[in-house]
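Visitor: One structure, as structure tokens, below. Some questions next.
The values are calculated or read from the model by the stated rules, or taken from the named source; none is laboratory data. Quantities reported herein were computed from a predicted structural model and do not represent experimental measurements. Glycine gets a Cβ as well: all are built from the backbone with ideal geometry, and neighbour counts include every protein chain shown. The accessibility values were calculated without ligands, DNA or RNA, using every heavy atom of the protein model including side chains. Shrake-Rupley method; radii C 1.70, N 1.55, O 1.52, S 1.80 Å.
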Amino acid sequence: MTRKKSLKGEDLFIATLRTTIKQKKQRLFSKLDRKTDYQTLLKRQSKHTDTLLRSLWKKKLVTVEAALIAVGGYGRGSLFPFSDVDVLILIPDSLKKTEEAKIASFISTLWDIGLDVGHSVRKINECVDESIKDISTQTNLMEARFITGSRPLHSSFKKVMSQHLEERKFCDAKIVELRQRHSRYNDSFQNLEPNLKESPGGLRDLQTILWIAQAAGFGSSWEAIRNNGIITKSEQLQLEKHERALILVRTLLHMQAGRKEDRLLFDFQRLLAADLGFRTTSAKPATEQLMQVVFKASKSVSLLSSIILQHLTERIHQERNTKPVTINAYFQIRNGFLETTSYGLFNKEPHAILQFFSTLHEYPEIKGISARTRKELWHAKKLINDEFRSDIENRRVFLNFFKRQIGLTHTLRLMNQYDLLGQYLPEFGKICGQLQHDLFHVYTVDAHILMVVRNLRRFAVPDMSHEFPLCSKLIGSFKRPETLYIAGLYHDIAKGRGGDHSKLGMDDAKTFCEHHGLSAPDTSLVIWLVEQHLYMSTMAQKRDISDPEVVKEFVRKVRTQRRLEALYLLTVADIRGTSPKVWNGWKGKLLENLYYLALERLKVDPKKPTNLIETKKQNAQIRLSAYAIPKNTYINFWSKLDESYFIRHEESEIVWHARVLNYQGDADQPNVRARLSPIGDGLQVLTYGKNEPLVFARICRFFEDTEFSVVEAKVFTTKDNYYLNTFQILTDRYAENDYQDMINHIEQELPIALSSRSLPKTNTGRISRRLQYFPIKPEVDIRGDENGLNYYLQITCGDQPGLLYAIARTLTEHRVDIKNAKINTMGERVEDTLLISGDILSSARETLRLQNDLVEELSLTHKSKEIATL
């Protein structure tokens, strides 16, 4: 009976402690805002935990000769709301069984009261052995802080551990660890869901500086390492400022998540933006404002930490300074690193700032920039003012970066890293760190712009000519290619201002060109490229470029071959610079086809008549005769096709169709053939059979169910009412060399699906997390083409399973036929353009009903998926 009462008492004690811990945490971290002193709160959280652990130790282990030591973040005396409580129980060389049991009971109690404990029980010699084997363990133990228990044991521990700390080995190991950690995040602080602790530019980078400084005896605080000459007062203030910003966001993130969470996931970005008082404006959502603050802090931390770590490494290793090799009065090379000839040079000679970057790429033996000069560059941004920007020599040097080309990408990225590019070009500074929640850009605006410039430069590098042969050929003969690079720099410069960024950016581009002395024709080209940088992509991916009228429309806008070449090069570089997932060979081929079609029309004598259909037929006949196909058979087949078929299909498609359908024109069963696409990645699939409702929808559903993405569909009905549809499809489902398996699967299974009488339901699979938190409102627009015979249906929405099938089914229900479809998926954003026809489209009322039904169908698809994820 007594034992039962004691158990109840222990349970009550644990329950009371759990409640107390939660209440204290809630009181401590309630009513948080930007003005809150978060570092003080984290110290209080740590002290509360100290008090709790001391009381438990006194209750359970007061008679045991051991020491309770805080390690890791808890050892630093800074404990985030839901971070692990890392402790070391330091024990003597021998323990009684009863004492071991008491320690086990103590640890069990810590878990019972709701603490997330990271614990270890070790002797001093075991601590030494573990620290030698693992740099992370050594780092944790270096931050050991006594809480309670045996002080003599703790003192012995500190003495022995310090004796085994070798500063050079420790420094080298931490640098390697940092590089490995950065590589896990692609060496970028601009991840859309950054880890505030581990990503480059995160809190771990700041801690690495302090760990190495502590190991080298320079102190374990920013003030201490400043007193030891590692950083300056202004650098200390910057480090503390950015540390406070990251701590603020990480603390709020823990509280919003209600758990240990260091990834700033989309789920929490809206909530944190609201907590910190950001408000959505017409130009920029609240989440983008929040993330711009985070990215700017991370960018500064990333740069400052790399400079300081380089300085620390030089100090710790005491590298011998060799005699410098003098380049000129301003610069010299020492130990392979470029540096200024005297400290404070940039303050005395500000124009040397831009000259430094010119010099950096003139000497191949230079392997980097000295730590001292890197610091000077970082401080030099305050020297770039209106007078600096207006200086003719500075403008000449900056423009020469683009003219010389070699080292351009590296120069612009370095200048951006040191905030010099945004100071020299204030319009560029406004988009630094600006996120793009458009579901296909994976880089911030400044990173995307510099990636586009990099892509353009890459076209001009002979060793890279195999990647994009046409681009390399064009840029190799393009006069004054600096105009392309400048257009790349300015094409998205006006993002985030509200309105059409292509139009708004024209004024900035014009001002730059005029200030830097570009000729009137080159200035005009740059401005036009900025204005029209999306035009070629739109025409190629949303319009039917096999239609001569579409090509004519495009050529009327482009007008000259130089403009055509420039726009093509910028378009390829731009699409490739949005995301690794957006570009594919199919899009590349579409752009290339449009380029050649436009080039051909630009060179055609407008007075000389041409017959496109007859030309295609004649060329197809030549190729078909090589396959020994009797002329009468394919002529009979062609008699069932009207002129629109020959206009909209390529010669290779016309030949392929005639070959495979030569003897099956009247087949009752659906006929399906597939082949490797001759015009890009993936496969081309031909379907032919007796026409009936929902054929197109069934085909779309089959491809969606089998994880093939339709990127283009050419839909045609013969004079004798047979469907003849050609699909361009892509997939990640099969390995690249398994194309024959793909072809066999499609040719065997798709006819079965087409013969089925049952109508499949709309797919209600999951949508991406990103799309859930940044949804795209479906937009549907129907407009007549120039001839008034057909209509363009343009759909913009978030990508989702069953999307194309849902569209096709809705159109069929409204008795609307699909003639052509361009399926453009950019990340998780879909921009589809379909050429449609139907009697109801002549009625404004019926067209509006169709638009509303499509919007509702897409919206319902969103809702069904959200329900499915619950």
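Visitor: Rg/Rh for region 330-447: what does it come to with C-alpha atoms and Rh from Kirkwood?
Guide: 0.99
Visitor: Quantify how much of the Cα-Cα distance distribution of region 158-202 extends past 14 Å, in percent.
Guide: Counting every Cα pair in region 158-202, those more than 14 Å apart make up 57 percent.
Visitor: If you take the alpha carbon radius of gyration of region 161-305 and divide it by 2.2 N^0.38 Å, what ratio comes out, to two decimals?
Guide: 1.15
Visitor: Along each of its three principal axes, how wide is the spread of alpha-carbon positions in region 1-134, in whole angstrom units, largest first?
Guide: Each principal axis gives a Cα extent; for region 1-134 these are 52, 52, 19 Å.
Visitor: Compute, for region 613-726, the length of the dipole vector about the Cα centre, with Cβ point charges of +1 (Lys, Arg) and -1 (Asp, Glu) only. Units Debye, rounded to 20.
Guide: 360
Visitor: Using the C-alpha gyration tensor of region 407-530, what are the square roots of 5 times its eigenvalues, in whole angstrom, with the largest one first?
Guide: Sorted largest first and rounded, they come to 23, 18, 15 Å.
Visitor: What's the magnitude of the charge dipole for the chain around its Cα centre, counting Lys and Arg as +1 and Asp and Glu as -1 at the beta-carbon? Answer in Debye, nearest 20.
Guide: On the way: 126 positive and 106 negative charges, 604 e Å.
Taking the Cα centre of the chain as origin, the dipole is about 2900 debye.
Visitor: Could I ask something else about it? Tell me the mean residue ellipticity at 222 nm calculated for the chain from its helices only (DSSP H runs of n ≥ 4, each -39500 (n - 2.57), averaged over every residue, nearest 500).
Guide: Helices in the chain give a 222 nm mean residue ellipticity of -17500 deg cm²/dmol.
Visitor: Place a +1 charge on the Cβ of each Lys and Arg in region 120-212 and a -1 charge on the Cβ of each Asp and Glu, then give the dipole magnitude about the Cα centre in debye, rounded to the nearest 20.
Guide: Dipole magnitude for region 120-212 comes out near 340 debye.
Visitor: In whole percent, how big is the carbon plus sulfur part of the accessible area of the chain, probe 1.4 Å, protein atoms only?
Guide: Looking at the chain in its full context, I get 49 percent from C and S.
Visitor: Of L724, S842, L32, which is farthest on the positive side of the dipole of the chain, counting Cα position, with +1 on Lys and Arg Cβ, -1 on Asp and Glu Cβ, and the Cα centre as origin?
Guide: Sorting the options by dipole projection puts first L32.
Visitor: Next question. Mind putting together the pair-distance distribution for region 244-377? All Cα pairs, 5 Å bins, whole percent per bin, short to long.
Guide: 2, 9, 15, 14, 12, 9, 7, 9, 11, 8, 4, 1
Visitor: Enumerate the whole-percent occupancy of each 10 Å bin, from 0 to the last occupied one, for all C-alpha pair distances of region 273-330.
Guide: Spelled out bin by bin, region 273-330 gives 18, 23, 22, 15, 13, 8 percent.
Visitor: Follow-up question, since we're still on this one. Which three extents, in whole angstrom, do the alpha-carbon atoms of region 64-197 cover along their principal axes, largest first?
Guide: Principal extents (Cα only, largest first): 52, 37, 22 Å.
Visitor: Quick one: of the DSSP bridges fully inside region 1-147, what percent are antiparallel, nearest 5?
Guide: Around 50 percent of the beta bridges assigned by DSSP in region 1-147 are antiparallel ones.
Visitor: Using 28 Å as the Cα-Cα cut-off, could you pick out the over-long pairs in K43/K96; K25/K296; K296/K542; K552/K617; K323/K367; K174/K284? Mind showing how you got there, number by number?
Guide: Working: K43/K96 36 Å; K25/K296 30 Å; K296/K542 36 Å; K552/K617 22 Å; K323/K367 16 Å; K174/K284 39 Å.
Long pairs (Cα-Cα over 28 Å): K43/K96; K25/K296; K296/K542; K174/K284.
Visitor: So if I restrict to the alpha-carbon atoms in region 126-225, what is the Rg, and what is Dmax, the biggest pairwise distance, in Å?
Guide: According to the Cα coordinates of region 126-225, Rg and Dmax are 15.3, 49 Å.
Visitor: On a C-alpha basis, how far is the centre of region 11-58 from the centre of region 451-508 in Å? Whole number, if you could?
Guide: The two parts, judged by their Cα centres, are 55 Å apart.
Visitor: Relative contact order (percent) for region 290-403, with alpha-carbon contacts under 8 angstrom and 6 or more residues of separation?
Guide: Numbers: 89 pairs, mean separation 25.7, N = 114.
Worked out over region 290-403, it gives 23 percent.
Visitor: Which of L360, G114, T322 sits farthest toward the positive end of the charge dipole of the chain, with +1 on the Cβ of Lys and Arg and -1 on the Cβ of Asp and Glu?
Guide: Of the candidates, G114 comes out farthest on the positive side.
Visitor: Given Q214, L345, L196, which one lies farthest toward the positive end of the charge dipole of the chain, if we put +1 on the Cβ of every Lys and Arg and -1 on the Cβ of every Asp and Glu?
Guide: Highest projection toward the positive end goes to Q214.
Visitor: Still on this structure, please answer the following. Please say if region 507-622 is rounded, prolate or oblate, where rounded means a/c under 1.5 for a ≥ b ≥ c the square roots of the C-alpha gyration tensor eigenvalues, and otherwise the choice is prolate for a/b larger than b/c and oblate otherwise?
Guide: oblate
Visitor: Could you tell me what a quarter of the Cα convex hull surface of region 628-704 works out to, in nm² with one decimal place? Mind showing how you got there, number by number?
Guide: On the way: hull surface 24.5 nm².
Result: a mean projected hull area of 6.1 nm².
Visitor: Of the peptides 158-167, 292-301, 486-495, 123-132, how do they stack up when ordered by the mean number of other Cβ atoms within 10 Å, highest first?
Guide: In decreasing order of mean packing, 158-167, 292-301, 486-495, 123-132 become 486-495, 292-301, 123-132, 158-167.
Visitor: Rg and Dmax in Å for the chain, alpha carbons only: what are they?
Guide: Computed over the Cα atoms of the chain, radius of gyration and Dmax are 33.6, 111 Å.
Visitor: How many angstrom lie between the Cα centre of region 515-592 and the Cα centre of region 119-133?
Guide: Spelled out, the Cα-based centre of one part sits 63 Å from the other.
Visitor: What helices in the chain pass both tests, a Cα length along the helix axis of 20 Å or more and a mean Kyte hydropathy of -1.0 or higher, using whole DSSP H runs?
Guide: TM-like helix candidates: 2-28, 97-112, 233-257, 286-317, 445-459, 501-515, 561-576, 585-603, 612-626, 739-755, 844-869.
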